[in-house]
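The values are calculated or read from the model by the stated rules, or taken from the named source; none is laboratory data. Just so it is clear, the structure is predicted and the values come from calculations on it, not from any experiment. FYI the Cβ positions are ideal-geometry reconstructions off the backbone, even for glycines, and counts take in every protein chain you see.
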Amino acid sequence: MGLSHPILGSGLRNWLSMLGENFGVIPVGKYPQLAFLTAAVAGGIPLRAWEKIRFSKQIKQTKVESPVFIIGYYRSGTTFLHYLLGCDSRFAFPDTYQVMLPNIFLSGGSRFRSIIQNALPETRPMDNLKMGAGMPKEEEFALLNTCGASLAKGYVFPKKLIEYNDRYVLFENGKSNEERWKTGLDLFLKKVSVANGGKRLIVKTPANTARIKQLLELYPDARFIHIHRNPFYVYHSNMKMLNKIVGMMALTSFTEKQLSEFLLHSYASVYDKFNETKSLIPAGQFAEVQYETFVQNPLLHLADIYSKLNLGDFKDAKPALEKELESYKNYETNKFELDEVSEKLVKERWGRFL
């Protein structure tokens, strides 16, 4: 991925820890890439130190107020919803620049933002939605580079995708990983809040669908918007996404079967946890929509979401939303057709969610 590889934004200790966990399975052919990434990460030490010195007091004094979390499994419409809500100027969001360089974005300025912009493709590889340094982005990649407690670590080291899902999404391997994730998330969102003058944040990471309990412990007044989609489409679309994303980021080998097994396990485990914990969300802090219904009339459903979650007067946001929706009028979603083997797997492993 060259200059756009997410690991380039990591702290050195964090990166060396990842390497220590996985070095034995990294093929020799990847060593030149490892050397480049390690040198780039080490070269960022002065910048990371300066940001910490300059902004630590301001960050510490910042409180993340009533964040809105968009949840729902990957490829269920979470990004589309994030893009739309991000058009409301009353809100802010973690953008691609901040997510890719989480340790230096407050002091990096326009120079580093331009580097990220030039390194990115114009559209996302899995669905052709627009990309850019200022576009909304999921913070899971920021946590990969700050505290390491992130499912995205599995994209770099895909042999451990299931292990990282259980460790950092379900928190099944002890309290320490949960606390590390909570500390990392709160620090990153505080920095994003500082960068945006304290505006209310719209945050989107599909893995958060299983982290309701932890998010409420951090932000008791948080709002949640759950968007869900036909599981057959979710399986097909995720396999396409995983092959592309893991193919670009991976430093170890992987197989189609490994990706499929991870996906089947992850979706079921995330939704089992969601169904177990969604009752913790207080009244007035949860809204839900089906993707297939949402895309038929986005403005109608957004108005309902604004009302249910008390996000402000919808009419103030409507002109910007209409303009954004106009840009999608010629957009075509990916078509899919499941083969018999995949359809059987989905029915067997996800039957209780169909």
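Going residue by residue through segment 264-283, is there one that turns out to be small (Gly, Ala, Ser) and farther than 21 Å from Asn238 by Cβ?
yes
Go through (1) of a type in the set (Ser, Thr, Tyr); (2) farther than 16 Å from Phe91 by Cβ; (3) modelled with pLDDT of 95 or more one by one and return the number of the condition Ser327 breaks.
(3)
Starting from residues that are crowded, with 19+ Cβ neighbours inside 10 Å and either of a type in the set (Gly, Ala, Ser) or under 15 Å from the mean Cα position of the chain (by Cα) (or both), keep the ones in segment 180-200 and report whichever is farthest from Leu242 (Cα to Cα).
The selected residue is Ser193.
Could you tell me which of the residues Asn14, Asn22 is touching a Gly at 6+ places or on another chain (Cβ under 6 Å), under 29 Å from Glu163 (Cα atoms) and part of a helix (DSSP H, G or I)?
Going through Asn14, Asn22 in turn, the sole match is Asn14.
Name every residue in segment 283-330 that is part of a loop (DSSP other than H, G, I, E, B) and loosely packed, with under 12 Cβ neighbours inside 10 Å, in order of residue number.
The answer is Ala283, Gly284, Gln296, Asn297, Asn310, Asp313, Ser327, Lys329, Asn330.
What's the total number of residues in segment 134-179 that are of a type in the set (A, V, I, L, M), part of a loop (DSSP other than H, G, I, E, B) and within 15 Å of the chain's Cα centre (by Cα)?
Selection size over segment 134-179: 5.
Which count do you get for residues in segment 123-158 that are out of contact with any strand residue (DSSP E or B) (no Cβ under 7 Å at 6 or more places or on another chain) and either buried (at least 22 other Cβ atoms within 10 Å of the Cβ) or at pLDDT 95 or above (or both)?
Of the residues in that region, 19 qualify.
Within segment 228-237, can one find any residue that is basic (Lys, Arg), modelled with pLDDT of 95 or more, closer than 23 Å to Leu129 by Cβ and more than 14 Å from the chain's Cα centre (by Cα)?
yes
Kindly indicate whether Ile26 is among the aliphatic types (A, V, I, L, M) and in contact with a helix residue (DSSP H, G or I) (Cβ under 6 Å, 6 or more places away or on another chain).
Criteria not met by Ile26.
Condition test on Ser266, is it farther than 23 Å from His226 by Cβ and either among the aromatic types (Phe, Trp, Tyr) or within 25 Å of the chain's Cα centre (by Cα) (or both)?
The answer is no for Ser266.
For the structure I just gave you, tell me whether Ser66 is on the phi > 0 side of the Ramachandran plot and under 23 Å from the mean Cα position of the chain (by Cα).
yes
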